[in-house]
Amino acid sequence: MPEEPESRPSNFVRDIILDDLKTNKFQGRVQTRFPPEPNGYLHIGHAKAICLDFGLADEFGGHTNLRFDDTNPSKEETEYVDSIMEDVMWLGFHWDGLFYASDYFEQLYAWAVQLIKAGKAYVDDLSADEIRKYRGTLTEPGKDSPFRNRPVEENLNLFERMRAGEFPDGSRTLRAKIDMASPNLNLRDPVMYRVLHTEHHRTGKNWCIYPMYDYAHGQSDSLERVTHSMCTLEFEDHRPLYNWFIQQLGIFPSQQIEFDRLNLTYTLLSKRKLLQLVQEKRVSGWDDPRMPTISGIRRRGYTPEAIRNFCGAIGVSKTNGSIELAMLEHFVREDLNKRAPRVMAVLRPLKVVIDNYPENQVEEMDAVNNPEDADAGTRKVPFSRVIYIEQDDFREDPPKQYFRLSPGREVRLRYGYFVTCTSLVKNDNDEVVEVHCTYDPATRGGNSPPDGRKVKATIHWVSAAHAVDAEVRLYENLFACEDPNRTSEGEDFTANLNPLSLEVLSECKVEPSLAVATAGSRYQFERLGYFCADRDSPAGKVVFNRTVALKDTWAKIEKKGK
RNA sequence: UGGGCCGUCGACUAAUGGUAGGUCAAGUGCCUUUGGAGCACUUUGUCUAGGUUCGAAUCCUAGCGGCCCAGCCA
């Protein structure tokens, strides 16, 4: 433990651990767990939990288990198990133990028998519907089930036969005998086991009764001697039940601590809804770069560091709020700015002919790979008479404050030359299709000329003869409104989908060095944004996903002018 | 409505009875071979009302507002 007081901002969970350490509550141990249900892919909200669970244990020399909460065989699959392990590792965390709640089925069963014998659990013959009716409401107490006071021997016999498969799905449950009048609905004799004749992804056909979350989770924590069991706020009401089982069983007293789940503007963090998007093919899959899943944002080009920094910055509390997406984007830009090599790419090409440049000449210009990283070195970029520039970088009739190329104006071609626009060519639709310029040989490399002449804009370009064809996928928010859950009558969240969330540009021209870009490599396309090579390569083209655009001051000025 | 939890700049989060601070966003300027990055500066906040106290974001009381719970989901 460092002598200096920690300078990092604390949070209430850390404070609890600090306090427990001080009072020696758990003999100085910190044991956590990350307990995903393998019924979907992990998303950025899980990343927050992962950073908390693993991060806090790491900080105090503790341990973290990865435990799959696989108590409901009807929703769970190994595909999800695999993706979850991959995502946790990719985020940069290492679990100590790898467990499954299903590892504990036998122990859980034995404990259930123990509770039956102690008169704390009973087999109920009520149907799901009847159970609901007997439960009462928020304001009215429930009623005891007519089967609540069955003799222990009968309960034992029935529970054994439930396990043996004698009863159909839904016919009987095992319930904890607590208090049907409790103001906390979770304590009104919660179901511990249900009959489910369904094959389990790990235990196969061994079981036809499965424990409920409330009965499995705390006991699993206890078995792993978890000291600090972090979960989200909605489980706050379950804590008394979590503690009840542990106390009745007299087992290791794990401690549940609830924190606020992550909410992000313009995005949905619900596995159920993300699954719906996948199933309805509103996105290409769980790893569609527009998805807030770990696999989606990985494919989009986010780095684990950026995500971890983000999770550290947003903090942990019990306040129900929503983080602005801009905050996440800030941390990707911050990280990528330091590490992404710069390259030149033209997304919407406009042909430029430099009339006074020798017809067949090619010059290899020196370009800096990353101004933020001296070690990144330089590379050569070919320059020639015909180049492409961005359509956005030319205006026939430039508005105020527009500094880029326009008739009669001189700009710098980055690492190239100063060029002045002399004329333009239009098509029948009055669109500019070609621009003619002259260059100043005294500005080679983009250097200012001896006369000290200044230019207000520097634009990027690609030599036409050397350009590599590429496809670029531009992404906008998947949802068009800040809170995708807010819908008008009769609509569901899919009504808020942003129809413009994906724009495919297939005529892009990128500098030759990108011909060999491998899937997953990240670049900054100068003046445009950060891009990540995708594994897709339709028609042999290189494909890039836009991770996030660069901050665009001009766009702001232009918007304000309107 | 019974119960549980939560209210601090526009957003997120610190301050643990003693100077309301940080990050993001927004704005202004500097700088710039990316209108990027960087740097500097600026704006904006303790839900309300009472009380305790020399002193309250913090403690107490009462309001107000928000979130969660009536799955054999987790």
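Only one of the listed residues (A:Asp96, A:Asp103) is among the acidic types (Asp, Glu), away from RNA strand B (no atom under 15 Å from the Cβ) and modelled with pLDDT of 95 or more. That residue is A:Asp96.
Considering (1) assigned to a loop (DSSP other than H, G, I, E, B); (2) in contact with a Lys or Arg (Cβ under 9 Å, 6 or more places away or on another chain), the lone condition that A:Gly490 does not fulfil carries the number (2). Scanning the stretch A:227-257 for residues that are within 15 Å of RNA strand B (Cβ to nearest atom) and β-branched (Val, Ile, Thr) gives A:Thr232, A:Ile257.
Name every residue in the stretch A:66-124 that is assigned to a helix (DSSP H, G or I), farther than 24 Å from A:Arg163 by Cβ and in contact with an Asp or Glu (Cβ under 9 Å, 6 or more places away or on another chain), in order of residue number.
Those that are assigned to a helix (DSSP H, G or I), farther than 24 Å from A:Arg163 by Cβ and in contact with an Asp or Glu (Cβ under 9 Å, 6 or more places away or on another chain): A:Tyr80, A:Val81, A:Ser83.
Before we move on, is A:Thr137 over 19 Å from A:Asp237 (Cα atoms) and either outside any strand (DSSP E or B) or of a type in the set (A, V, I, L, M, F, W, C) (or both)? So A:Thr137 fails the test. Looking across the stretch A:38-59, the residues that are more than 30 Å from A:Tyr266 (Cα to Cα) and either surrounded by fewer than 20 Cβ atoms within 10 Å (Cβ to Cβ) or in contact with a Leu (Cβ under 7 Å, 6 or more places away or on another chain) (or both) come down to A:Asp58, A:Glu59. Filter the stretch A:7-41 down to the residues that are hydroxyl-bearing (Ser, Thr, Tyr) and not in a loop (DSSP other than H, G, I, E, B), then identify the one that is nearest to A:Leu91 (Cα to Cα). Taking the candidates together, the pick is A:Thr32. Checking the structure you have, find out if any residue of the stretch A:159-172 is within 28 Å of A:Arg67 (Cα to Cα) and touching a Ser or Thr at 6+ places or on another chain (Cβ under 6 Å). Within the stretch A:159-172, none of the residues are within 28 Å of A:Arg67 (Cα to Cα) and touching a Ser or Thr at 6+ places or on another chain (Cβ under 6 Å).
The listed residues are A:Val352, A:Val316, and the only one of them that is near RNA strand B (Cβ under 9 Å from one of its atoms), among the hydrophobic types (A, V, I, L, M, F, W, C) and either in contact with a helix residue (DSSP H, G or I) (Cβ under 9 Å, 6 or more places away or on another chain) or not in a helix (DSSP H, G or I) (or both) turns out to be A:Val316. Pairing residues of the stretch A:520-538 that are closer than 13 Å to A:Ala345 by Cβ and surrounded by 23 or more Cβ atoms within 10 Å (Cβ to Cβ) with residues that are at pLDDT 95 or above and polar (S, T, N, Q), at Cβ distances under 6 Å and at least 6 apart in sequence or on separate chains, gives A:Tyr530/A:Gln524; A:Tyr530/A:Thr547; A:Cys532/A:Asn545; A:Cys532/A:Thr547.
All of A:Leu424, A:Leu405 fail the test of being within 13 Å of A:Leu350 (Cβ to Cβ), buried (at least 16 other Cβ atoms within 10 Å of the Cβ) and either near RNA strand B (Cβ under 10 Å from one of its atoms) or in contact (Cβ under 8 Å) with a residue 40 or more places away in the chain (or both), apart from A:Leu405.
The values are calculated or read from the model by the stated rules, or taken from the named source; none is laboratory data. This one's a predicted model, so the numbers in the text were calculated from it and none came from an experiment. Methodologically, a virtual Cβ is constructed for each residue, glycine included, from the backbone with ideal geometry; neighbour enumeration extends over all protein chains shown.
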